[in-house]
Amino acid sequence: MTAADLTPQELRILVAVADEGGFSAAAGRLGATQSAVSHAVRGIERKLGVVLFERGRFGARPTPGGERAAAHARRVLRMLRALAADARGAGTAEATGALRVAAFRSAALHLLPPALERLAERHPGIEVTVTVVRELGPGTAGAVAEGRADLGIATLGGSPLPAGLVGDVLLEEPYSLVHPAGHPAPRTLPLVDWMENCGSYTRDWWAAQDWIPAATVRAEDDGAVLSMVGSGLGMAIMPALSLTGAPPAVAVTDLGPERPSRSVGYVTTPELAATSAVRALVRELRSLHPRTTKAQVAAV
């Protein structure tokens, strides 16, 4: 027997054990017994010819092969659900089914809501779940690659997309100097920063600015940075989405024609790109942010 012989239920068991970190917890999630789950995992490992989990007092930890297998299993299960939704909607203009979106904080707050509002008006049968994912390490693209999201709103251009993903740029957002309103010399203030601020997109520009000091204050996210700047604790260099609805205590100053920018777009898988729910959301995002870009990653 081979991987082609795996059943949907076996894929659900594989995903449950990977997500829950143990056979007992997976059994509880699936409404099965621990012995049945353990037996099923051994059968899956035999079919694949690889050990998927390290067993121990800590539970069941996925091996590198187990992580990859679980990611594929999530995506296969998602496509089975999409198959049913798209088949039911064939011949109609309305898309239905679940749609899982991963987005970094400012995109979830300011980029997605108008697109989701229009999506709900046109396709009320699409059930959207939005998860805020920090744009660090694998970030939102990683959530899609791991099968935890169908579409991610991601910062593009800093590094290649994970293998097997496609995407496109939606907008270029400029960076600006942010400082306490009314301060006479904001460039002399300490720098407030946060880990997700995309220095990789601005590294050359940043290095050439002798007036920008090393960060002396680190915040959890861009919202905390704005609060600290408004309280007079320093200045910051921030992208446009993070500055949407900035409080009156904060002033935003253009950094000039050579100002840096970052690309914000969407990522998905080639299979999901063809599903009605993903296509519908991409259409709404593009209609709100029409642009022609040379930085295209792949068309959907």
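The values are calculated or read from the model by the stated rules, or taken from the named source; none is laboratory data. This one's a predicted model, so the numbers in the text were calculated from it and none came from an experiment. Reconstructed Cβ throughout: ideal geometry from the backbone, glycine too, with neighbour counts over all protein chains shown. SASA here: full protein model, heavy atoms, side chains in, ligands and nucleic acids out. Shrake-Rupley method; radii C 1.70, N 1.55, O 1.52, S 1.80 Å.
Taking residues in region 34-61 that are within 21 Å of Asp5 (Cα to Cα), and partners anywhere that are open to solvent by 40 Å² or more (accessible area, probe 1.4 Å) and not polar (S, T, N, Q), the pairs with Cβ atoms closer than 8 Å and at least 6 places apart or on different chains are Val37/Leu30; Glu45/Val51; Arg46/Met1; Lys47/Met1; Lys47/Ala3; Lys47/Asp5; Leu48/Ala3; Phe53/Arg61. The residue that is nearest to Arg286 (Cα to Cα), counting only those in region 117-137 that are open to solvent by less than 70 Å² (accessible area, probe 1.4 Å) and out of contact with any helix residue (DSSP H, G or I) (no Cβ under 8 Å at 6 or more places or on another chain), is Ala120. Of these, Arg100, Arg81, Arg75, which one is in contact with a Ser or Thr (Cβ under 7 Å, 6 or more places away or on another chain), of a type in the set (Lys, Arg) and outside any strand (DSSP E or B)? Going through Arg100, Arg81, Arg75 in turn, just one is in contact with a Ser or Thr (Cβ under 7 Å, 6 or more places away or on another chain), of a type in the set (Lys, Arg) and outside any strand (DSSP E or B): Arg75. For Val50, the criteria (1) in a loop (DSSP other than H, G, I, E, B); (2) of a type in the set (A, V, I, L, M); (3) over 30 Å from the mean Cα position of the chain (by Cα) hold in every case but one, which is (3). Of all residues in region 178-190, those that are closer than 20 Å to Gly245 by Cβ have Cβ atoms under 8 Å from Cβ atoms of residues that are polar (S, T, N, Q) and open to solvent by 80 Å² or more (accessible area, probe 1.4 Å), 6 or more apart or on another chain, in Pro180/Ser231. Answer with yes or no whether Val267 is within 22 Å of Gly137 (Cα to Cα), open to solvent by less than 20 Å² (accessible area, probe 1.4 Å) and of a type in the set (A, V, I, L, M, F, W, C). Considered against the rule, which asks whether it is within 22 Å of Gly137 (Cα to Cα), open to solvent by less than 20 Å² (accessible area, probe 1.4 Å) and of a type in the set (A, V, I, L, M, F, W, C), Val267 comes out as yes.
Taking region 101-115, which residues are touching a residue at least 24 places away in the same chain (Cβ under 8 Å) and open to solvent by less than 60 Å² (accessible area, probe 1.4 Å)? Val101, Ala102, Ala103, Phe104, Ser106, Ala107, Ala108, Leu111, Leu112, Pro114, Ala115, listed by residue number.
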